[in-house]
Amino acid sequence: MTVAIRDGLKVWQRRERAAQFAIWAAWLVGVAVLVVSWSFISEKTIWPFVLDAPQQAADLGVRMVPPDWSSIGQLWRPMWDTINMATLGTLMGVALAVPVAYCAARNTTPSAVLRPIAMFIIVASRSINSLIWALMLVTIIGPGVLAGMIAIGLRSIGFCAKLLYEAIEEIDESQVEAVRATGASAAQVTAYGVVPQVMPAFAGISVFRWDINIRESTVLGLVGAGGIGLPLNSAITTLAWTKVSLILLVIIASVVLSEWVSAKVRQAII
Amino acid sequence: MSAANAASAVPRVWRKPPLIKSAALRWGIGIAVALYLAAAFGTTEVNWGRVWEGLPRGARFFAAFFPPDFTTRSSEIFDGILESIWMTVVATAIGIVLSIPVGLGAAKNIAPAPVYYICRGFLAVSRSFQEIILAIFFVKLFGFGPFAGVVTLAFATIGFYGKLLAEDIEDMDSSQAEAVRATGASWLQWVNFGIQPQVLPRMLGLALYRVDINFRESAVVGIVGAGGIGATLDTAFNRYEFDSAAAILLVIIAIVMLMEYFSGFVRRWVQ
């Protein structure tokens, strides 16, 4: 508690008493929840395994060096698949996100019934990780790149639609009104009043999501949805650690590269 | 006046200005995109027979949502969800506490150059791996169970939160920090009274956002054995128990929605 005391009298205090108590209570609840949570985790943990970790790490480190560069030839094809999953998935995601965002934005939604439905689509798509979408799609349509692509697309709808509908809600209404005042139809109002205002945001969001999707699609292979995750999974299960370290290096390189591309493109747009 | 009249006399049709001004760049991008799409679709192998076979299964999955089966596997679902929540709480708390020194070190305006480069390097590495890949390694190191998941999520939280904290500190108003320093404050007092109040409101919002992310991630790290609801979900899918899987998905969605509502409430309370 921050107070200033002069001659034994409190002359200044940072917060009012009620605010001070509220903050104290919030800390108390927070710490209590944390302690309870930790006790549950600790109960389910086999501590000898945890204490053993430094040796395990050292052992693993030794076995992963040097990376097995000779097997890099087998990685081009999965890497190409990974990039395709991310890119085509993003295309599918943004294409589906546009109508959802249009229905979710308060100022463009065609009816009050559609808005909650659009909101539910956004939350549902966002709360389920692309790996779970992939898991689901692999059991439904079989393993392969298509399942990964659709998984990425479904996961991207929520993210893109959320950012896009926020951008639509922030547009300058006077421009829309000006277009409407010329006697434009509803479609024309959207095309000439709304779309030009959100176009830069839309392009930025798409590129940003593409960058995230590259990262996500590197692991979809772990559940059988194609891409670089497949060789990673098989290398881990066969304990070929030098191969694992090579794949990890390839993944880092692709992630760094895609981040750089997306930053450049977003700079050019904004 | 006469010039304007002359201009309006010329029959011209207004056209929407293109998004990309340079025509060469516009066409270049268009052709590159077309070529890429052709290559991508040309090389993607899809087993349409298998997809066709799976469609009735997909229909069965969607039918399973009406109604989902909460009862058959209720104890597994309950345990898994609780474990996910515990993991989320612990991992977020540990991750945020650890990300504060890293974030302070990674802010260019307050950290000395060597510290800055070390912290930035650490943030870059911790952010470039997917949580699942981290989880695989932490399961190898710490054994199966929620502890590996907690370490995974805490590590990912440091990367996310440390970077945003560093950026927020870099954007702060330096005159306020200088004013505190001019009173003769120690380094700790300077950080606590000059910097902390400037970044706290935004960082609190981001902490709640991270809780949200960590909960969603805790639902997948179980697929590789790091605890949480993911293992239950994986098993449900592998056994084609779609009605239980649907129930788990609905519980996850409901909790995420609740958290979104709650975080909006807390954010209003703070500001």
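We did not get these values from a lab; they are worked out from the coordinates using the rules stated. Note that the structure is a prediction, hence the values are computed from the model and not measured. FYI the Cβ positions are ideal-geometry reconstructions off the backbone, even for glycines, and counts take in every protein chain you see.
A few points about this structure:
- Relative protection proxy for A:151-160, B:139-148, A:48-57, from highest mean packing down: A:151-160, B:139-148, A:48-57 (other beta-carbon atoms within 10 angstrom).
- If you take all other residues with their beta carbon under 15 Å from the beta carbon of residue B:57, and give Lys and Arg +1 and Asp and Glu -1, the sum is 0.
- Sum of side-chain charges, residue B:209 neighbourhood, beta-carbon under 10 Å (Lys, Arg +1; Asp, Glu -1): 0
- Residues of segment B:182-211 falling in the label zone of residue B:109, defined by backbone nitrogen less than 12 Å from a point 7 Å along Cα to beta-carbon, are B:195-196, B:198-199.
- Highest-fluctuation residue, A:65, A:207, A:11 considered, GNM on chain A with Cα pairs under 10 Å: A:11
- Residue mean of other protein chain beta carbons inside 10 Å, A:95-105: 0
- Taking one quarter of the surface of the C-alpha convex hull of segment A:69-208 gives a mean projected area of 10.4 nm².
- Based on alpha carbons, the Rg and Dmax found for the protein assembly as shown are 26.3, 92 Å.
- Debye intensity ratio in log₁₀ form over the Cα atoms of segment A:3-63, taken at each q of 0.15, 0.20 Å⁻¹: -0.70, -0.88
- Volume of the convex hull of chain B (Cα atoms only), normalised per residue: 311 Å³.
- Every helix of 4 or more DSSP H residues in chain A counts as -39500 (n - 2.57), and over all residues that averages to -24500 deg cm²/dmol at 222 nm.
- Max mean-square fluctuation residue, GNM over chain B, Cα-Cα springs under 10 Å, options B:159, B:228, B:28: B:28
- Residue range of chain A that is longest and free of GluC sites (Glu not before Pro) which are both DSSP loop and sparsely packed (at most 14 other C-beta within 10 Å): A:17-169
- Taking the Cα centre of the protein assembly as shown as reference, the dipole from Cβ charges on Lys and Arg (+1) and Asp and Glu (-1) amounts to some 960 debye.
- Per residue Cα convex hull volume in Å³ - calculated over segment A:1-112: 370 Å³
- When the charge dipole of chain B is built from unit charges on Cβ atoms (+1 for Lys and Arg, -1 for Asp and Glu) and taken about the Cα centre, the candidate among B:75, B:114, B:224 whose Cα reaches farthest toward its positive end is B:114.
- Residue by residue along A:35-43, Cβ atoms of other protein chains within 10 Å of the local Cβ number 6 on average.
- Among A:215, B:181, A:14, a tally of other beta-carbon atoms within 10 Å of each Cβ gives an order, fewest to most, of A:14, B:181, A:215.
- Residues of segment A:204-219 falling in the label zone of residue B:36, defined by backbone nitrogen less than 15 Å from a point 7 Å along Cα to beta-carbon, are A:204-215.
- Extending 7 Å from Cα along the Cβ direction at residue B:196 and again at residue B:22 yields two label points whose distance is 5.0 nm.
- Projected label points at residue B:82 and residue A:18, each 7 Å from Cα along the beta carbon direction, are separated by 3.7 nanometres.
- Using every pair of distinct Cα positions in segment B:1-158, the Kirkwood expression returns a hydrodynamic radius of 23.0 angstrom.
- Options B:44, B:13, B:214, ranked by Cα towards positive dipole end of chain B, top entry (Cβ charges): B:13
- Using the alpha-carbon positions of segment A:83-127, Rg (one decimal) and Dmax (whole number) come out as 12.1, 39 Å.
- R0 of 22 Å, Cβ-Cβ distance residue A:173-residue B:15: FRET efficiency to nearest 0.05: 0.30
- Gain in span if fully extended, residue A:35 to residue A:60, counting 0.36 nm per residue against the direct Cα distance: 5.8 nm
- Lysine pairs with alpha-carbon atoms under 30 Å apart, the protein assembly as shown, spacing 8 or more or separate chains: 12
- Whether chain A is rounded, prolate or oblate, judged on the alpha carbon gyration tensor where a/c under 1.5 counts as rounded: oblate
- The mean number of Cβ atoms from other chains found within 10 Å of a Cβ in peptide A:78-90 is 2, as a whole number.
- Rounded, prolate or oblate (a/c below 1.5 giving rounded, otherwise prolate when a/b exceeds b/c) for segment A:164-218 by Cα gyration tensor: prolate
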